[in-house]
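*Asks:* I'd like to ask you about the structure that follows.
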Amino acid sequence: MAYNGMTVETISFAGHNGDKISAYTARPSGKGPFPGICLIHHNPGWDEIYCDFTRKFAHHGYAAICHNLFERAGEGKSDDVAAKHTDVVTQLRAA
């Protein structure tokens, strides 16, 4: 069953050590409950295709969320952010 309406938004919540984490959410319009799904983005990171995937799951009746795993690396093009994230992880492992 496909749902024509949905609610979509970008939210923020506190992650580890209180760091701000962003997430894109979508859910069908109407009264739930709806099954839920959490999408995990690929490397190079959180990009438009994952927003599309999130909306597609909502279109098919799921409450969906995709959080930005690379939030701490900053903003920018997904490839650049992924490179920054890799550098940060490498530095942490060396410490």
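The values are calculated or read from the model by the stated rules, or taken from the named source; none is laboratory data. Everything numeric here is computed off the predicted structure, so don't read it as measured data. Here the Cβ is made from the backbone with ideal geometry for all residues, glycine too, and neighbour counts use every protein chain on show. Surface accessibility is based on the protein's heavy atoms, side chains included, excluding ligands, DNA and RNA. Shrake-Rupley method; radii C 1.70, N 1.55, O 1.52, S 1.80 Å.
*Asks:* In terms of solvent-accessible area of protein heavy atoms at a 1.4 angstrom probe, what is the ranking of R55, R93, highest value first? Present the calculation step by step, with values, prior to reporting the outcome.
*Replies:* Details: R55 70, R93 195 Å².
Putting R55, R93 in descending order of accessible area: R93, R55.
*Asks:* Continuing with the same structure: Determine the sum of side-chain charges near T25: Lys and Arg each +1, Asp and Glu each -1, restricted to other residues whose C-beta is under 12 angstrom from that of T25.
*Replies:* +1
*Asks:* If you add up the charges near A58, with Lys and Arg at +1 and Asp and Glu at -1, over every other residue whose beta carbon is less than 14 angstrom from its beta carbon, what do you get?
*Replies:* +1
*Asks:* How large is ³J(HN,Hα) for each residue in the range 49-57, as worked out from phi by the Karplus curve 6.51 cos²θ - 1.76 cosθ + 1.60 (θ = phi - 60°), to whole Hz, x for Gly and Pro?
*Replies:* These are the phi-based 3J(HN,Hα) values: 5, 6, 5, 4, 4, 4, 5, 5, 5 Hz.
*Asks:* Over its Cα atoms, what ratio of radius of gyration to 2.2 N^0.38 Å does the range 26-74 give?
*Replies:* Working: Rg = 11.8 Å, N = 49, 2.2 N^0.38 = 9.7 Å.
Normalised Rg, Cα atoms only: 1.22.
*Asks:* Defining a contact as two alpha carbons under 8 Å apart and six or more residues distant in sequence, what relative contact order in percent does the range 24-71 show?
*Replies:* Numbers: 78 pairs, mean separation 26.4, N = 48.
Dividing the mean separation by the residue count of the range 24-71 yields 55 percent.
*Asks:* Roll a 1.4 Å probe over the protein heavy atoms and report the accessible area of S22 in Å², nearest 10.
*Replies:* For S22, solvent-accessible area is about 10 Å².
*Asks:* Heavy-atom accessible area of I49 with all protein chains present, probe 1.4 Å, nearest 10 Å²?
*Replies:* Estimated to the nearest 10 Å², I49 gives 80 Å².
*Asks:* Given a 1.4 Å probe and heavy atoms of the protein chains only, how would you sort T7, T90, T54, largest accessible area at the top?
*Replies:* T90, T7, T54
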